[in-house]
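Comments concern the structure below.
The values are calculated or read from the model by the stated rules, or taken from the named source; none is laboratory data. Keep in mind that what you see is a predicted model, and the values were worked out from it rather than measured. Don't worry about glycine lacking a Cβ; one is built from the backbone with ideal geometry, like all the others, and counts go over all protein chains shown.
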Amino acid sequence: MDFDLLYDRPGGEPYLTIPGHPNIIITPPRIEDASDLISILNNFEVAIWLQGPPYPYPVEEARQYLRTVSIPSSVQIRKEIEAHNSSINGGGHGNETTNHFLSGCPVTSIREVDPETGKESLIGCIGIRRNDFYEIEDDAVREAEFEANAAKKAGDGSIIWAMGSKSLLLYKPPDRPTIVGVMADKNGADFLSPSHKGRGITTMAAKTVIDWGRKHMNIKEVRASMFDGNIASQRVYEKIGFKHISTRKDALTRAEVKGGGKITIHILTSKKQ
């Protein structure tokens, strides 16, 4: 069972295609992504809408994050696929030794493929993670909701998901242990290089991974959050059916290097019975 992933590109990695964009694919992260990653995240036009990572973002931190979090996260999900396939090939029915729903999506890196050379360039990131419940103001209540949601087994239809790569939640730079991933405090983030904005890539990439997740992760509800003023991000999700459910004023504090001040966030949701 291939879980609707394609494997026919050089290297045999799984990937997804994006409708309407024949030269754009979504693949697992790679260690060589570090240079493209810092190029995108050190662009103030991108960084201003992210709570983290540190700005500017050092290349060694990008490499460390890829080595210790992003790549292992993808590998773990691919192991779930292998375990499921092994159970089938061994004569089982796929759910005797392993859950046929996956814990996440193994592909998160948006790449542009040069039609002449086949060279792939990282242009962004898209993913789905367990929800962080930042719409809840009380810290203790929010943490309890987060932990309860995180404890549910893969495939549980009551899990509330959120847009933003899980792998971006976990990395703690050794010299800055209070920083967690690309958005601090258990948030995640999706982003696209400004050079590729305005072409509908993020919209279709989000729809692609959500549709995939509904089928292979049993996603019933997925949420998206964005900073107040990030109209482009809000429009992306509204175009694919998300509805506004909550606004939390002064939910986060923006780093001084990014302008400082309090950040209001908006939360949207998409539900499927």
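Quick notes
- Residues that are part of a helix (DSSP H, G or I) and either touching a Gly at 6+ places or on another chain (Cβ under 8 Å) or surrounded by 14 or more Cβ atoms within 10 Å (Cβ to Cβ) (or both) within region 144-156 comprise Glu145, Phe146, Asn149, listed in sequence order.
- For Asp138, the criteria (1) in contact with a Ser or Thr (Cβ under 7 Å, 6 or more places away or on another chain); (2) modelled with pLDDT of 95 or more; (3) not basic (Lys, Arg) hold in every case but one, which is (1).
- Within the span defined as region 196-209, every residue fails to be small (Gly, Ala, Ser), farther than 24 Å from Ile159 by Cα, within 17 Å of the chain's Cα centre (by Cα) and assigned to a loop (DSSP other than H, G, I, E, B).
- Residue pairs meeting the criteria (Cβ under 6 Å; at least 6 apart or on separate chains; first within 17 Å of Asp228 (Cβ to Cβ), in region 41-60; second small (Gly, Ala, Ser) and surrounded by fewer than 21 Cβ atoms within 10 Å (Cβ to Cβ)): Gln51/Ala184
- First in region 105-129 and more than 16 Å from Gly164 (Cβ to Cβ) and hydroxyl-bearing (Ser, Thr, Tyr), second anywhere and surrounded by fewer than 24 Cβ atoms within 10 Å (Cβ to Cβ) and at pLDDT 95 or above, Cβ under 7 Å, 6 or more apart: Ser121/Asp36; Ser121/Arg111; Ser121/Glu112
- Considering (1) touching a Pro at 6+ places or on another chain (Cβ under 9 Å); (2) among the aliphatic types (A, V, I, L, M); (3) part of a loop (DSSP other than H, G, I, E, B), the lone condition that Ile219 does not fulfil carries the number (1).
- Subset of region 252-273 (residues that are farther than 26 Å from Gly157 by Cβ, touching a residue at least 40 places away in the same chain (Cβ under 8 Å), surrounded by fewer than 12 Cβ atoms within 10 Å (Cβ to Cβ) and of a type outside the set (Gly, Ala, Ser)): Val257
- Selection within region 203-232 - over 16 Å from Ile24 (Cβ atoms), among the small types (Gly, Ala, Ser) and touching a strand residue (DSSP E or B) at 6+ places or on another chain (Cβ under 6 Å): Gly213, Ala224, Ser225
- Here region 175-224 is the region considered, the condition is being at pLDDT 95 or above and of a type in the set (Lys, Arg), and the residue that is surrounded by the most Cβ atoms within 10 Å (Cβ to Cβ) is Arg223.
- Residue selected from region 252-265 under the condition outside any strand (DSSP E or B) and of a type in the set (A, V, I, L, M), by the criterion nearest to His100 (Cα to Cα): Ala255
- Residue ID - surrounded by the most Cβ atoms within 10 Å (Cβ to Cβ), chosen from residues in region 76-122 that are hydroxyl-bearing (Ser, Thr, Tyr) and modelled with pLDDT of 95 or more: Thr108
- Scanning region 225-251 for residues that are surrounded by 20 or more Cβ atoms within 10 Å (Cβ to Cβ) and either part of a loop (DSSP other than H, G, I, E, B) or not small (Gly, Ala, Ser) (or both) returns Met226, Val236, Tyr237, Phe242.
- Of the criteria (1) within 28 Å of Lys220 (Cα to Cα); (2) in contact with a helix residue (DSSP H, G or I) (Cβ under 9 Å, 6 or more places away or on another chain); (3) at pLDDT 95 or above, which one Leu6 fails: (2)
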